[in-house]
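Peer 1: Handing you a structure now.
Just so it is clear, none of the values below were taken in a lab; they were calculated from the coordinates. This is a predicted model, so every value here is computed, not measured. Cβ: placed from backbone, ideal geometry, glycine included. Neighbour counts: every protein chain shown.
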Amino acid sequence: MNSTPLSQVSIKAIDLEQQNKFMQKVVDQMLEQVNQSFEQHISLAFTKLRTQISERQLYVLYEEALHCDAATDHRVPKNVLPLFSSFLDACEQLAVQFQHVDFRAYVNQAISDCFQIYQEQSTILQNQLVLFERQNLNLNLQQQKLTQLYDARSSQLEHESVKLTLSSLIQKEQQNNKSTVYEPDEAVFVPQKLGAQILKLKKEHQHLNEENRKMQIEFEKQEQQLKKQNEATQQKINKLINENKALNDGMREITVYMKELETNIHCK
């Protein structure tokens, strides 16, 4: 059975703690830059709003905050910004606080979730690889045992065949020489005994041949089953390797993206 040894499979391990620290540093720098940009835009928006209110003067009567004068208020419009200044200040401060607190929390939680998912998936893949490695080893051991059993039975069959051949040769030699060799009376029964032994050996030989044939069929059957199991296991291993590679590629892309953000931040 041809299969790729798991010892040759390279699974890149990522130091999650180190990656987490690096990304957290990049995120902090990115958020600091984003926060500064938000503050500038928020400040610019409220400054523009205050200017628009100041430029849109109104005729106002009886407003202490604007130092109204009933005798002249109907002639000169007044700047009403002081009436809304405190409300605008509160809204601006609220907007700044929101982007400082909530936005940072959302980003940090998203990064934490990504690393947790990656760590869980990586652990699952590694455990499955170990399990399939054990299954693959067991299949190889079973095949070795079958091969050893087949070799032993083949050797036994070969030995019995040699014995049968030698016995046949001895019988023929004795029959050819019986007219020239003196034999005692009881020697008349020797060919009969040899014939019985040869017949017994032939039966044993036939039995061994039949056993060998059955064993060969069973061996081929089990070998096919082991081959199918090994192929299925190898496919699962290859699938896990591809999934782990895709996971590592995804984390690598995130790392590259974070490094680019860090570089852009330093350049600015």
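Peer 1: Mind scanning Lys163/Lys221; Lys25/Lys245; Lys145/Lys227; Lys163/Lys203; Lys145/Lys214 and naming the pairs with a C-alpha gap bigger than 20 Å?
Peer 2: Details: Lys163/Lys221 31 Å; Lys25/Lys245 26 Å; Lys145/Lys227 15 Å; Lys163/Lys203 13 Å; Lys145/Lys214 17 Å.
Table pairs above 20 Å Cα-Cα are Lys163/Lys221; Lys25/Lys245.
Peer 1: Let me ask something else about it. For His207 and Leu44 in the same chain, what is the full-extension length gain: residue separation times 0.36 nm, less their Cα-Cα distance, in nm? Intermediate results must be reported in sequence, preceding the final value.
Peer 2: Working: separation 163, 0.36 × 163 = 58.68 nm, distance 10.15 nm.
Additional length available on full extension: 48.5 nm.
Peer 1: Given R₀ = 35 Å, what would the calculated FRET efficiency be for Gln171 paired with Gln222, taking r from the Cβ atoms and rounding to 0.05? Could you put the intermediate results ahead of the total?
Peer 2: Working: r = 40 Å, r/R0 = 1.15.
About 0.30, to the nearest 0.05.
Peer 1: Based on the Cβ-Cβ distance from Ser54 to Leu94, what FRET efficiency comes out when R0 is 25 Å, to the nearest 0.05? Walk me through the numbers on the way to the answer.
Peer 2: Numbers: r = 22 Å, r/R0 = 0.87.
So, using R0 = 25 Å, E works out to roughly 0.70.
Peer 1: Please list, ordered by chain and number, the residues whose modelled amide H lies under 5 Å from the amide H of Lys78; skip anything fewer than 5 residues away on the same chain.
Peer 2: For Lys78, the qualifying residues are Leu58, Tyr59, Val60.
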